[in-house]
Every structure is written in C-alpha cells, then in structure tokens.
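Notes for the one structure printed next.
Any read-out appearing in this document is the output of simple, stated calculations on the displayed coordinates, not a laboratory observation. These numbers come from a predicted model, not from an experiment. When we count neighbours, we look across all protein chains shown, and the Cβ atoms used for this are built from the backbone with ideal geometry, even at glycine.
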Amino acid sequence: MFYMSIFLQYMSQYIKTKLQYRADLFVEFLSDLMFQGVNLIFILVVFGHTQFLNGWTRDEIIFIYGFFLVPFALFASFFNIWDFNERYIVRGEMDRVLTRPVHSLFQIVLERMELESLLGGITGLIIMGYAASRLHLTFHWYDVILFVLFVLGGTFVYAGIFISLASISFWSDARSSIMPMMYNIGNYGRYPVDIYNRVIRYILTWVLPFAFVGVYPAAYFLRKTEWYTYSFLTPVMGVVCFTLSLLLWNAGVKRYRGAGN
Amino acid sequence: MYAIEVEKLRKEFKSYSSRSGLAGAFRDLFTRNYKIIRAVDDISFTVKQGEMVGYIGENGAGKSTTIKMLTGILTPTSGRVVVNGMNPHKERERFVQTIGVVFGQRSQLWWDIAVQESFRLLKKVYRVSDQDYNEHMDHVIETLDIGPLLDKPVRKLSLGQRMRCELAAALIHNPPLLFLDEPTIGLDVLVKLKIRQFLKEINEKYNTTILLTTHDMTDIEALCERVIMLDEGKIIYDGSLQHLKQNWGEGRQIHFQFRDMVSKEELTSLVHVTWEQGEDRYNWIAHVRTNDMAHVIGQVVSSYELKDIHIREVSTEEIIRNIYEEGIHHG
C-alpha cells in the first residue's frame, strides 16, 4: 500500500516534468513509432517472398509481433535499467538510494521509469487487432484475464533478465557491453522458436527465456494447442525469473563497494 | 543510551594493481595481483545522544568509509556497529528512517524538479504526516532562509543555495541522528556561518546527534566539543578539542621585527627557545610556552632595538597538520 502511494507520487512528478518539455516528448513519441514501423516492414518484406515460415502464416507472425510489443512496452517503461552500472555504481548514486527507507530496486525503477514507452503497447494492441481480424480469431471472456497474466509474465521475464544483468555490476567494476547484445537476443523471442536450431530454442526457453515474452503466450491466442504447455508456463516463468533476479540483486547490494569521493 | 556504538570495526577492500604495458595487460587477464587494502582498521568508539562530533582525517584516511558503514551503505568486513539501537546494514529500510544524511559532493535532491516537489517526494518516502511536516519544516525553511528557492528547480540553484536545501531535505523526517560528510565544501563564509548556526540550533532544540566530517577546521571549532581523528584507518585521537589544543597547541608564536640584522646563534644564546627565521634576517619567530612569554620578550627587548612585535596562538589547523606530519606524541 505504501509502495503504491509512493509509486503514484513519483508518477505524477514524472508526468509534471515531462509536460515541461513538450517538444522533447513529441520527438520521442515519433521516433518510437518509426522504430516499430521499421520492424513491421521487416516482417512484411520477409513474407513478400514466402507465405509460410515453417508452418506459420504471415498474419500469425504479425500477431506474435503485436503481442510481444505489449510486455516489451511495460518492460521498457519500468525496468529499463540498462545504464544502471554507469549511473548508479560508477557515479555513486547508489549511496543516496541506500540511505532512503524504500527497497533500493524499487527506487531505481521509479527514478528510471519512462512512461512514454507505454505507447508502444498501444501500437501492439492495434497490430494484434489487425492480425486477429484477418485470422478470424475468436476470444472468450476469460482470454482477457489470461492476456493480462501472460503480458505480466512476459514483462517479468524480461525484467528479471535485465535486473540480473544489472546486478552483475555489484561484482564487477568493468562496464559491460552485454546490454545491447541482450536487446538483440530479446528480439528473437518475437519469432516462432521452431524456426531456429534446437540449441537456440533451448536457450530461448530455459536460459534466457525470451520466448516467453512473444511466441509462447501468443501461441495460446492463435490456438496452437501443441504450444499450450509453454503458454501456461509464462506467468510461472515470470515469477521465477523475477524472484531469482531479486535474490541476486539483494545479494549484490550487500557486496556494494560504493564509489570513492 | 548511545546513539552510535562501534566496536573493532573493519572494512577491507580488495583491489588489484595492474601491470604496466601491453604485455602486462595480457598477464593481468590471467593472473591478477590482488591487494587487500584496509580502509578502516579495527576502530572502536561511542557517541552519546545529543553530542556533536567532528570526524577528521586526511583524504583517504577512512572517514567516508566509516560514515558509509554507519549509514548502512556498506557492509563491514568485521566488527560490530549499532546505530540508534539497530544494525544499519541488516535492518536498512527501518534504520534509515532514523537518520539524516548529507553528502556535500552529491545531491540528494532531484535535479529537474522544483525544490518543494523534492521535499514532497521525500515527505512521502519517509512517511511524514502533514502536521509534523508543517510544524517542523516551516521552522527549518525559515531558519535556512530557503523560502524563495522552493519553487526553483535544483539545477538552477547556486552551490550555497543547493546546500541549504540539501540540509533541509535531510531533516524532513526530523531524525535524531545526522551525518554530514563535508557539508561546507566550497561554500562562502556567510553560508558557512548560516549552516553552523542552524546546526547548533537543531542540536539544542531536538537534542540531535551530529557526526560531521570536514576539512575546514573552523567548522569543527564552531560546532564540535569532541573530535575523532583518523589516520590510515586507525583512530589516533579521540577526545575534546580543548584537550587537543592544550596538549599540542600549547604555546605561542612571537614574531619580532628587529631594527638591525641578527643571527640565529645570537638569539639562541640570549634565550634558549626555538627560533625560526621570518622573511629575512630582520624578522624572527620564537616558539615559546605560554609561561615563558614574558621572560623571552623581556630578554629580547632589553638587548635589541625592535620595530614591531606580535603574538599569535597556534591555530587548530596547524595543530592538526603537525600531528599528521610528526605523528602523535604527548608534548
């Protein structure tokens, strides 16, 4: 309850600040939109040559892409802490965070949130709607609940992976270039994993479970019964990933050495 | 009841020294020369509620490391820390509710938003009720004279203005214990005076314990009755400032300006004290004990013609410098 009220307080502050820089907000919104446009065009180009990709139709892949955008937008708004090492460890901002009576990760999430990324989620919903209408998909009332669960699961999978990576900064001083690579790997989760080699599929499922952000949960709504087990594992994976990353983070905070001044 | 209890506190850092050259860099890839650096070396002390303590030492003596352990930022390697009856690192979130921290070189406030918005966020974070906030902060804002700054964003404030706001921000939850790490660094005299006066006031009003690190000895003289002096991670002095001055700063420097040139030998044979040459051989400084002052001046005046004399007390700064240069010995 306390955390919720802190969250709202930070959020209103964030919006106030953002509204002061209108031009900036507009540019950000536009570049976001363009980025998603390029991704979509890529999919369309690939399917300009073939109608099927290992048994998946163009519209199904577009649907998966649309689904992926929703948890990704949530992740990008709240857990986008790729610059954690630079900002909090090297510059010593972590000292300040640790002198406040709120969990350190929660504070950082609040300080780094970028609510404008949520717009990507809306784009995602529109793309899904478009694909669903072409595929003549039908939904039940409880699909809404499942959708929310799967989206949250995917978000927490993503968040867990990036929090774990950020936690590494507590052990190693070196600035890592892992983060950009991770973003690339994350994109693999948007495509049906059975188009990949077995090893890659295994990695995307159990090691860096990005497949749980895109294909697996989306497969449920596409009524691909052979993937259902994985689909329903999504929330579980989210909880597991996030819990593990929290444990790693807490252990890291104990190791924190601070920056000299 | 102690505000701070520290027993055999130690903090070690593992650092590796890199070899020189490209070949050295390759060797570093495989084997590294680790070195354990003891930043804080088995220190023990206690601070009573309501005390104002100056924590001093050269750069790298371990001051900041100690403060960071006391505030729960760093985990000690070994030893016992109890602050406000809690273990700072174990119960961090509950513990920090009872302390205020100001790091002079780092901002606690949000850069982009107005000062009062920062205060409002902190008020929420520390769960301060509206009533407590108004009662307490109105007074703080008035004393620190920051009323006109409240609606400006922090990035537009001068250093002195920002520092006053930082101090106010650290006091939003009216903590019984305040850590100040170089709070007056880079500030002009007027702001320094205002901050000192304010610290004294809250100490008297709320019996707030204050632990202060600074390089500015005038801060310590103005505020602290007690100093803890640190060198290479060890406490080399813990006691009253008065005592420190009496033991190491006893005596005066008498500056004589002679009408004619004199030599050191002549002066030493006249009165046997330490003579030090001033700008030239007309100017000499005698280091004497307070009791011998009259005698030395009498002797010199009766033997030489003088243009000027003045007497100076040894400043705390010089005492500290002497201790660091010569090590501690009871004089």
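A simple spin-label model places pseudo-atoms 7 Å from Cα toward Cβ; at B:ARG155 and A:VAL199 they are separated by 4.7 nm.
With +1 on each Lys and Arg Cβ and -1 on each Asp and Glu Cβ, how big is the dipole of the range A:2-255 about its Cα centre, in debye rounded to the nearest 20?
Working: 18 positive and 16 negative charges, 53 e Å.
Dipole about the Cα centre, nearest 20: 260 debye.
Considering only beta bridges that DSSP places wholly inside the protein assembly as shown, some 70 percent are antiparallel.
Considering only DSSP states other than H, G, I, E and B, which chymotrypsin sites (Phe, Trp or Tyr not before Pro) in the range B:26-121 qualify as loop sites with at most 16 other Cβ atoms within 10 Å? Before the final figure, lay out each step's value.
Values: sites: B:PHE26, B:PHE30, B:TYR34, B:PHE45, B:TYR55, B:PHE95, B:PHE103, B:TRP110, B:TRP111, B:PHE119; in loops: B:TRP110, B:TRP111.
Answer by residue number: B:TRP111.
Does the range A:141-213 classify as rounded, prolate or oblate by the C-alpha gyration tensor (a ≥ b ≥ c root eigenvalues; a/c under 1.5 gives rounded; else a/b over b/c gives prolate, otherwise oblate)? Judged from the Cα gyration tensor, the range A:141-213 comes out oblate (a/c at least 1.5, b/c at or above a/b). The dipole here belongs to the range B:250-313: it is taken about the Cα centre, uses +1 on the Cβ of Lys and Arg and -1 on the Cβ of Asp and Glu, and is about 100 debye.
State which entries of B:LYS8/B:LYS205; B:LYS152/B:LYS200; B:LYS194/B:LYS234; A:LYS254/B:LYS63; B:LYS14/B:LYS245; B:LYS68/B:LYS124 exceed 30 angstrom in Cα-Cα distance in the structure shown. Intermediate values should be presented prior to the final figure.
Working: B:LYS8/B:LYS205 33 Å; B:LYS152/B:LYS200 27 Å; B:LYS194/B:LYS234 32 Å; A:LYS254/B:LYS63 20 Å; B:LYS14/B:LYS245 38 Å; B:LYS68/B:LYS124 24 Å.
Cα-Cα > 30 Å for B:LYS8/B:LYS205; B:LYS194/B:LYS234; B:LYS14/B:LYS245; rest within.
Report the residues of the range B:279-311 in range of a label on B:GLN257: point 7 Å along Cα→C-beta, backbone N strictly under 12 Å from it. Residues B:279-280, B:282-284, B:306-310 qualify, since their backbone N sits under 12 Å from the label point. Under a Gaussian network description of chain A, with springs only between Cα atoms under 10 Å, the residue in A:LEU146, A:LEU125, A:LEU25 that fluctuates furthest is A:LEU25. Out of every Cα-Cα pair that chain A contains, those further apart than 36 angstrom amount to 17 percent. For the range A:105-171, GluC sites (Glu not before Pro) are listed when DSSP marks them as loop and at most 12 other Cβ atoms sit within 10 Å of their Cβ; the list is empty. Positive end of the dipole of the range A:2-255 (Cβ unit charges, origin at the Cα centre): among A:SER231, A:ASN187, A:VAL27, the Cα lying farthest that way belongs to A:SER231.
Extents of the protein assembly as shown, taken as max minus min of Cα coordinates on every principal axis and listed largest first, are 116, 64, 46 Å. Counting, for every residue in A:95-107, the Cβ atoms of other protein chains within 10 Å of its Cβ and taking the mean gives 6. Measuring nothing but how far apart in sequence close Cα pairs (under 8 Å, 6+ apart) lie, relative to its length, chain A scores a relative contact order of 25 percent. Estimated purely from DSSP H runs of n ≥ 4, each contributing -39500 (n - 2.57), the mean residue ellipticity at 222 nm for chain A is -23000 deg cm²/dmol once divided by its residues.
Among the residues of B:19-30, the average count of other protein chain beta-carbon atoms within 10 Å of the residue beta-carbon is 0. Taken along its principal axes, the alpha carbon cloud of the range B:152-244 reaches lengths of 44, 28, 24 Å, longest axis first. Normalising the average separation of contacting C-alpha pairs (under 8 angstrom, six or more residues apart) by the number of residues puts the relative contact order of chain B at 18 percent.
Counting, for every residue in B:100-107, the Cβ atoms of other protein chains within 10 Å of its Cβ and taking the mean gives 3.
When the GluC sites (Glu not before Pro) in the range B:262-331 are filtered for DSSP coil states and for at most 15 other beta-carbon atoms within 10 Å of their beta-carbon, the remaining sites are B:GLU279, B:GLU305. Give the separation of the Cα centroids, the range B:34-72 to the range B:181-205, in Å. Value for the Cα centre distance between the two parts: 21 Å. Pairwise Cα distances in the range B:250-313 exceed 20 Å in 13 percent of cases. Annotation: extensible slack from B:ARG312 through B:ASP130 equals 60.2 nm (criterion: 0.36 nm per residue apart, minus Cα-Cα distance). Averaging sequence separations of C-alpha pairs under 8 Å and six or more residues apart, then dividing by the length of the range A:60-194, give the relative contact order as a whole percent. Value for the range A:60-194: 45 percent. Length gained on full extension, B:LYS264 to B:GLN299: 11.1 nm, using 0.36 nm per residue less the C-alpha separation.
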